[in-house]
1. Would you check which residues across the range 176-189 are surrounded by fewer than 19 Cβ atoms within 10 Å (Cβ to Cβ) and either modelled with pLDDT under 95 or assigned to a helix (DSSP H, G or I) (or both) and list them?
2. Give me a count of the residues in the range 44-72 that are in contact with a helix residue (DSSP H, G or I) (Cβ under 7 Å, 6 or more places away or on another chain) and under 16 Å from residue 115 (Cβ atoms).
3. Select from the range 221-236 the residues that are over 20 Å from residue 190 (Cα atoms) and either in contact with a Pro (Cβ under 8 Å, 6 or more places away or on another chain) or not charged (D, E, K, R) (or both) and list them in ascending order.
4. As an exercise: evaluate residue 33 against (1) polar (S, T, N, Q); (2) buried (at least 18 other Cβ atoms within 10 Å of the Cβ); (3) over 30 Å from residue 146 (Cβ atoms) and give the number of the one condition it does not meet.
5. Could you look through the range 1-20, keep only residues that are among the hydrophobic types (A, V, I, L, M, F, W, C) and not in a strand (DSSP E or B), and pick out the one that is farthest from residue 100 (Cα to Cα)?
6. Take the residues of the range 28-57 that are within 13 Å of the ligand (Cβ to nearest atom) and in contact with a His (Cβ under 9 Å, 6 or more places away or on another chain): which is nearest to residue 86 (Cα to Cα)?
7. When the range 213-239 is examined, which residues are found to be part of a helix (DSSP H, G or I) and buried (at least 17 other Cβ atoms within 10 Å of the Cβ)?
8. Closer than 18 Å to residue 74 by Cα and within 15 Å of the ligand (Cβ to nearest atom) - does that describe any residue in the range 134-156?
Amino acid sequence: MLEVVPVKSFKDNYVWTLRKAMHAAVVDPGEAQPVLDYLAREKLELAAILATHHHPDHVGGIAQLLQKYRVPVYGPRNEPIATLTHPVSEGDTVTIAALGVSFLVLDIPGHTRAHIAYYGAGALFCGDTLFACGCGRLFEGTAEQMFKSLGKLRALPDDTKVYCGHEYTLANIGFARNVEPQNAALAARENRDRRLSEAGKPTLPSTMREEKATNPFLRCTEPAVVESVNKYLGTRVSDPVRVFPAIREWKNRS
Ligand SMILES: [Zn+2]
């Protein structure tokens with residue numbers, strides 16, 4: 001089975017490191033040193049680099065990694081990442097032979113113009129699009145694009161493990177509790193993730209099942225969410241395409 005390990009980077013980024021036997025691949029290495037240290041300590045050989053989008057805290061370490069390891073670099077076809085060797089987009093497959101694993105590429109624009117996700121082996125690497133109990137900010141895309149992208153991810157199997165780019169979970173849960181104070185699954189999640197956090201452990205990965213039960217951005221048709229959004233807006237909306245941007249704006253202001 002594929003093992004996935006979080007290598008911490010910057011303040012709250014994770015470089016997800018996939019490993020099998022002596023081989024490894026990394027997702028979104030924003031800086032090289034923590035990855036180089038981990039690979040050396042574990043005596044692993046890097047086989048591939050995967051990037052979800054062009055932000056420096058996700059791709060900034062690639063050039064330095066390439067100085068030591070001449071490996072393929074996969075990433076979004078339509079974003080400016082100078083270090084890419086294999087640009088990919090929706091429907092492409094990324095096979096990492098050394099790890100015996102393949103990923104399907106999904107286009108999930110919104111946070112950035114051509115953000116992609118990798119889905120395979122029951123795991124989803126979704127960068128800054130879907131977060132645990134939250135979603136990424138809209139820097140380059142529209143709310144409608146992001147809503148559609150999240151819908152695409154939401155349609156993946158419930159037991160899909162969700163590996164996102166940052167440890168934002170507790171803050172996201174705090175906001176989600178404002179949107180859905182009566183959601184028991186959310187309260188349980190807060191207890192568990194607070195304990196994990198206090199023990200210095202990652203709250204990730206989560207599962208799609210859990211995101212569907214607790215993440216307000218995936219719950220735009222839930223009556224309790226719609227009700228809260230209406231209170232926030234002071235008008236009545238029910239179309240999820242309008243509920244979604246209202247939650248996004250509410251979170252930006254909170
Ligand atoms: Zn980003």
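The values are calculated or read from the model by the stated rules, or taken from the named source; none is laboratory data. For clarity, every value in this text was computed on a predicted model and none was experimentally measured. Methodologically, a virtual Cβ is constructed for each residue, glycine included, from the backbone with ideal geometry; neighbour enumeration extends over all protein chains shown.
1. First, pick out the residues of the range 176-189 that are surrounded by fewer than 19 Cβ atoms within 10 Å (Cβ to Cβ): 177-178, 181-182, 184-185, 187-188.
Selection gives 177, 178, 184, 185, 187, 188.
2. 2
3. In the first step, residues of the range 221-236 are kept if they are over 20 Å from residue 190 (Cα atoms); the result is 221, 223, 226-227, 229-236.
Selection gives 221, 223, 226, 229, 230, 232, 233, 234, 235.
4. (2)
5. 10
6. Our first condition is that a residue be within 13 Å of the ligand (Cβ to nearest atom); within the range 28-57, this holds for 28, 30, 51-57.
Keeping just the survivors that are in contact with a His (Cβ under 9 Å, 6 or more places away or on another chain) gives 28, 30, 51-55, 57.
Working: 28: 15, 30: 18, 51: 10, 52: 12, 53: 13, 54: 14, 55: 17, 57: 20 Å.
By that ranking, first place goes to 51.
7. At the first step, the residues of the range 213-239 found to be part of a helix (DSSP H, G or I) are 213-214, 216-218, 223-233.
Listed by number, the residues that qualify are 213, 214, 216, 217, 218, 225, 226, 228, 229.
8. Residues of the range 134-156 closer than 18 Å to residue 74 by Cα: none.
No; the residues of the range 134-156 include none that is closer than 18 Å to residue 74 by Cα and within 15 Å of the ligand (Cβ to nearest atom).
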